[in-house]
Amino acid sequence: MDVENITLSRETGWILLAIFSIAWVGLGIFWGRKAKDHEGFMLAGRNVGMALGAATAMATWVTSNTIMLAPQFALKMGIWGMLAYSTASFGLFLFAPMAFRIRKLLPKGFTSGDFIRLRYGKPVWVLFLVVSMIYSMAWLVSMAMAGGIVLQTLSGIDYKFGMSVILGVCVLYTLFGGLYAVIGTDFVQSLIILIGIVTVGAVVLTKVDLSVVYADVATTQPALLDVLMPVALLALFNNMFFGFGEIFHNNVWWSRAFAMRGDVSHKAFFLSGFLWFPIPVAAGFIALCAGSLGINVTDIDGVGPLVASQVLGPVGAVVVFVVVFCSLASSIDSLLAATSDLLVQDVYRKMLHPEASEAQLRRLGSILIVALGLLTWLIALPRMADLNVVLFLSGPLVASVIFPVIGGLYWEKAGQGGAFCAILLGSSVGLVTYYTIGWYAASLVSAAISLTVMLAALRIAPGDFDWKLLDESSVNPNHPDPS
Amino acid sequence: MTFFPETFFYFLVYGALFWTGLGAAILIFLLLKDHKNKKIW
């Protein structure tokens with residue numbers, strides 16, 4: 001990293017870190033007081049309204065990766081790169097009707113694992129949990145790494161210290177407040193993210209002439225403006241399917257569907273997609289301005305924050321710092337909460353200890369939030385790979401789950417064998433594609449294989465599922481405390 | 001090589017910034033509406 005790239009003093013960086021750390025932990029404790037029982041802690045009382053529902057879905061999906069990778073996509077693949085990243089919002093749009101159906105079929109559901117277990121049985125459930133845990137850890141690690149990188153780029157705070165503080169703060173307030181804290185802070189964070197991105201973009205536009213940027217890119221890197229850039233077009237579809245896989249399977253989104261009011265969930269998810277769609281372009285275009293501004297990009301991981309801080313000076317660096325911190329926090333907290341829920345409900349309660357009391361579940365949930373934070377910290381500490389590698393390696397895994405989830409929700413003839421083979425074959429061939437062709441085709445291939453297997457299974461060995469089996473509310477209303 | 005037209009580049013950047021700002025306004029409006037109807041949580 002170039003020392004001249006640092007635009008905030010280390011002291012300013014630490015002060016900002018301290019202010020926002022105290023704010024998030026304080027707000028987390030404040031909202032967390034509403035969590036009176038385990039269901040409140042996990043699902044915020046199942047009564048979240050439109051504003052908080054849309055904001056939490058949007059803020060969770062605006063990860064630090066969006067802020068960091070969207071400029072990278074712009075720099076590597078130009079206009080198509082930014083649009084490719086925007087297609088990740090289609091997952092939110094398409095999850096909207098699914099959220100409605102999820103609420104209808106599983107009125108008292110807790111996790112995405114609940115659905116897979118009830119719908120397809122134990123073998124598919126175990127495979128699903130493996131895929132989901134690998135993806136969740138990859139997402140957590142990539143965000144923790146992004147936090148360390150951006151803090152170092154902007155303020156010179158050592159990667160290990162910055163990454164540790166951000167992760168520690170998220171663990172703390174998720175621990176105190178559960179989903180109430182996560183959703184409440186997500187709303188504040190979503191406003192800061194949106195306003196921050198617009199502010200940085202608008203100020204950059206006052207410093208550069210877009211026609212000069214366009215001419216510069218056309219001269220120095222014409223492929224970035226090419227309407228038919230093959231890799232970028234592949235990336236567009238790949239990213240779209242990667243996004244579908246991430247959202248359709250992960251408990252982060254299912255827990256929100258369960259947490260929102262029944263009449264709100266589908267509208268809130270649709271709105272969150274609408275709010276998310278322009279963000280990769282708004283945050284990414286500044287990377288294309290680097291050449292016109294004479295900025296030497298030496299560390300592509302941090303190109304967005306670098307350009308913003310170089311153009312806007314210390315104030316811009318502060319804004320970027322805060323936006324990235326909010327993006328990180330809004331996603332890390334959600335993943336910590338949803339992943340610990342998955343482990344508590346699906347592994348501990350369903351596999352190991354069905355008679356566990358509410359107090360035991362709550363205590364274990366807290367322990368797992370801390371354990372997940374520690375594991376993430378250990379993996380992220382050495383900063384082994386670049387952001388793309390960590391994130392996109394899990395792409396083919398989650399893409400293989402898209403059609404088993406859709407089929408499970410809408411096709412009564414979808415059965416266990418087809419779903420199992422679809423996930424296994426889709427993941428395997430997708431991973432081979434990742435290493436033999438590239439990340440930009442892996443999710444696409446995985447989803448295509450998975451769909452083919454599901455459709456073939458529908459013809460060869462159709463099932464006949466009774467939708468009523470998904471409703472566990474009569475069996476287990478609100479998980480009464482046996483103690 | 002066929003380039004995206006410059007006007008499209010303008011439209012994309014300015015449109016994305018406007019749309020993002022509009023998002024913030026929508027969220028604030030919805031929060032006030034939910035608060036009025038006592039439906040925040």
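The values are calculated or read from the model by the stated rules, or taken from the named source; none is laboratory data. Model, not experiment: these values are computed from the prediction. Glycine also receives a Cβ, built like all others from the backbone with ideal geometry; neighbour counts cover every protein chain displayed.
Please pick out the residue among A:389, A:344 that is β-branched (Val, Ile, Thr) and within 19 Å of residue A:250 (Cβ to Cβ).
Answer to the check: A:344.
Quick check on my filter: what residues within region A:58-101 are over 30 Å from residue A:215 (Cβ atoms), of a type in the set (A, V, I, L, M, F, W, C) and surrounded by fewer than 24 Cβ atoms within 10 Å (Cβ to Cβ)?
A:90, A:93, A:94, A:96, A:98, A:100 - these are the residues of region A:58-101 that are over 30 Å from residue A:215 (Cβ atoms), of a type in the set (A, V, I, L, M, F, W, C) and surrounded by fewer than 24 Cβ atoms within 10 Å (Cβ to Cβ).
When you scan region A:170-219, how many residues do you find that are under 16 Å from residue A:34 (Cβ atoms) and facing chain B (nearest Cβ under 10 Å)?
Adding up the residues that qualify gives 4.
Residue A:87 - would you say it is of a type in the set (Val, Ile, Thr), farther than 15 Å from residue A:391 by Cβ and at pLDDT 90 or above?
no
Across region B:1-34, what is the total count of residues that are in a loop (DSSP other than H, G, I, E, B), of a type outside the set (S, T, N, Q) and either touching a residue at least 12 places away in the same chain (Cβ under 8 Å) or at the interface with chain A (Cβ under 7 Å from one of its Cβ atoms) (or both)?
Here the count works out to 2.
Would you be able to say whether some residue in region A:458-465 is of a type in the set (Lys, Arg), over 24 Å from the mean Cα position of the chain (by Cα) and either surrounded by 14 or more Cβ atoms within 10 Å (Cβ to Cβ) or closer than 25 Å to residue A:235 by Cα (or both)?
no
Take residue A:23 and tell me if it is crowded, with 24+ Cβ neighbours inside 10 Å and in the same structural domain as residue A:327 (by TED's automatic domain parsing).
Here the answer is no, as residue A:23 does not meet what is asked.
Out of everything in region A:38-57 that is of a type outside the set (A, V, I, L, M) and either outside the structural domain of residue A:320 (by TED's automatic domain parsing) or at pLDDT 90 or above (or both), what residue ends up being surrounded by the fewest Cβ atoms within 10 Å (Cβ to Cβ)?
Filtering region A:38-57 for residues that are of a type outside the set (A, V, I, L, M) and either outside the structural domain of residue A:320 (by TED's automatic domain parsing) or at pLDDT 90 or above (or both), the one surrounded by the fewest Cβ atoms within 10 Å (Cβ to Cβ) comes out as A:47.
Within region B:16-30, track down each residue that is surrounded by fewer than 19 Cβ atoms within 10 Å (Cβ to Cβ) and more than 9 Å from the chain's Cα centre (by Cα).
B:28, B:29
Hey, residue B:35 hits all of (1) surrounded by 15 or more Cβ atoms within 10 Å (Cβ to Cβ); (2) over 16 Å from the mean Cα position of the chain (by Cα) but one; which does it fall short on?
(1)
Identify the single condition in (1) surrounded by fewer than 21 Cβ atoms within 10 Å (Cβ to Cβ); (2) not assigned by TED's automatic domain parsing to the domain that holds residue A:152 that residue A:434 does not satisfy, given that it satisfies every other one.
(1)
All but one of (1) touching a residue at least 24 places away in the same chain (Cβ under 8 Å); (2) at the interface with chain B (Cβ under 9 Å from one of its Cβ atoms); (3) more than 18 Å from the chain's Cα centre (by Cα) hold for residue A:276, so report the exception by its number.
Tallying (1) touching a residue at least 24 places away in the same chain (Cβ under 8 Å); (2) at the interface with chain B (Cβ under 9 Å from one of its Cβ atoms); (3) more than 18 Å from the chain's Cα centre (by Cα), residue A:276 fails exactly one: (3).
Working carefully through the options A:110, A:90, A:73, find the one that is outside any helix (DSSP H, G or I) and among the aromatic types (Phe, Trp, Tyr).
Numbers: A:90 fails: outside any helix (DSSP H, G or I); A:73 fails: outside any helix (DSSP H, G or I).
Of A:110, A:90, A:73, the one residue that is outside any helix (DSSP H, G or I) and among the aromatic types (Phe, Trp, Tyr) is A:110.
Being in contact with a Gly (Cβ under 8 Å, 6 or more places away or on another chain) and touching a residue at least 12 places away in the same chain (Cβ under 8 Å) narrows it down to one residue among A:166, A:197; which is it? Outline the logic, then answer.
Working: A:197 fails: in contact with a Gly (Cβ under 8 Å, 6 or more places away or on another chain).
A:166 is the lone residue from the list that is in contact with a Gly (Cβ under 8 Å, 6 or more places away or on another chain) and touching a residue at least 12 places away in the same chain (Cβ under 8 Å).
Please find, within region A:112-146, the residue that is nearest to residue A:417 (Cα to Cα) out of those that are in contact with a Leu (Cβ under 7 Å, 6 or more places away or on another chain) and polar (S, T, N, Q).
Going through the qualifying residues, I end up with A:132.
Scan region A:254-264 and give yes if some residue there is in contact (Cβ under 8 Å) with a residue 24 or more places away in the chain, in a helix (DSSP H, G or I) and more than 30 Å from residue A:42 (Cα to Cα), otherwise no.
Checked against the condition, which is being in contact (Cβ under 8 Å) with a residue 24 or more places away in the chain, in a helix (DSSP H, G or I) and more than 30 Å from residue A:42 (Cα to Cα), region A:254-264 yields no hits at all.
How many of the residues in region A:130-154 are among the aromatic types (Phe, Trp, Tyr) and closer than 17 Å to residue A:378 by Cβ? It would help to see each step written out before you state the result.
Quick first cut of region A:130-154, residues among the aromatic types (Phe, Trp, Tyr) only: A:135, A:139.
Then drop every residue that is not closer than 17 Å to residue A:378 by Cβ, which leaves A:139.
The qualifying residues number 1.
Determine whether region A:232-242 contains at least one residue that is more than 25 Å from the chain's Cα centre (by Cα) and assigned to a helix (DSSP H, G or I). So that I can check it myself, show each step before the final result.
Within region A:232-242, the subset more than 25 Å from the chain's Cα centre (by Cα) is none.
No, region A:232-242 has no match at all.
How do the helices (runs of 4 or more DSSP H) wholly within region A:319-417 filter down when requiring 2 or more residues that are in contact with a Gly (Cβ under 8 Å, 6 or more places away or on another chain): which remain?
Working: elements: A:358-380, A:387-392, A:395-399, A:402-410.
Passing ranges, in order: A:358-380, A:395-399, A:402-410.
Checking residue A:35 against (1) assigned to a loop (DSSP other than H, G, I, E, B); (2) surrounded by 24 or more Cβ atoms within 10 Å (Cβ to Cβ); (3) within 13 Å of another protein chain (Cβ to nearest Cβ): exactly one of these is not met. Which one?
(2)
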